[in-house]
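Just so it is clear, none of the values below were taken in a lab; they were calculated from the coordinates. This one's a predicted model, so the numbers in the text were calculated from it and none came from an experiment. Note that each Cβ is placed from the backbone with ideal geometry, even for glycine, and that neighbours are counted across all protein chains shown.
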Amino acid sequence: DGEVAEARFVTADELIGLMSTEPFLPSCRGMILPLVPGFERCAARLRWDAVRVEFTIEPFVEAAPGPHVTAPVDALAAMGIEAEVGPFGSACEVGPEQAGAAISTIVQSAIEHGATHINVDISAGPT
C-alpha cells in the first residue's frame, strides 16, 4: 500500500541480508541499490533469476479485449509461459534466459494483431 514500514541506514552487507529475508518491491530495489556504497562488491551473492514482465496493450476496450490483447497471451502460453490477465494489464514471470524471447513475442504478436501502443515494464530481482 506504499507505506514505509522501516527506514534506516545499512551497509551493503546488511542490505544483502535484508533482501534475502524481507520483501522489497522491484522498483524500490532499483532506486535503493545504486545509492548503497559497496553494493556492487556484494551483488554477486544475490541470485537474479526472477524476471517479471508486465504489459499493457492498447487500444483498450473495457471488458472486451481484442485479438491484439489475447494473441500475446496465447503466444506466451505456446512458449510454456503462463500470463496473468488483469483488468488493467497482463504479467508473466520468467527466468532471465526467457525474458528476451517473451518480450519479443509479446510485442510482435500484439503489433501483428492491431496494437497501437504497447507498454512493457520489466522487473528483475533476487530470489
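Laid out as a table, the results:
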| read-out | value |
| --- | --- |
| Segments 106-115, 92-101 sorted - mean Cβ within 10 Å per residue, highest first | 106-115, 92-101 |
| FRET efficiency estimate (nearest 0.05) - Cβ-Cβ, ALA50 to GLU112, R0 25 angstrom | 0.30 |
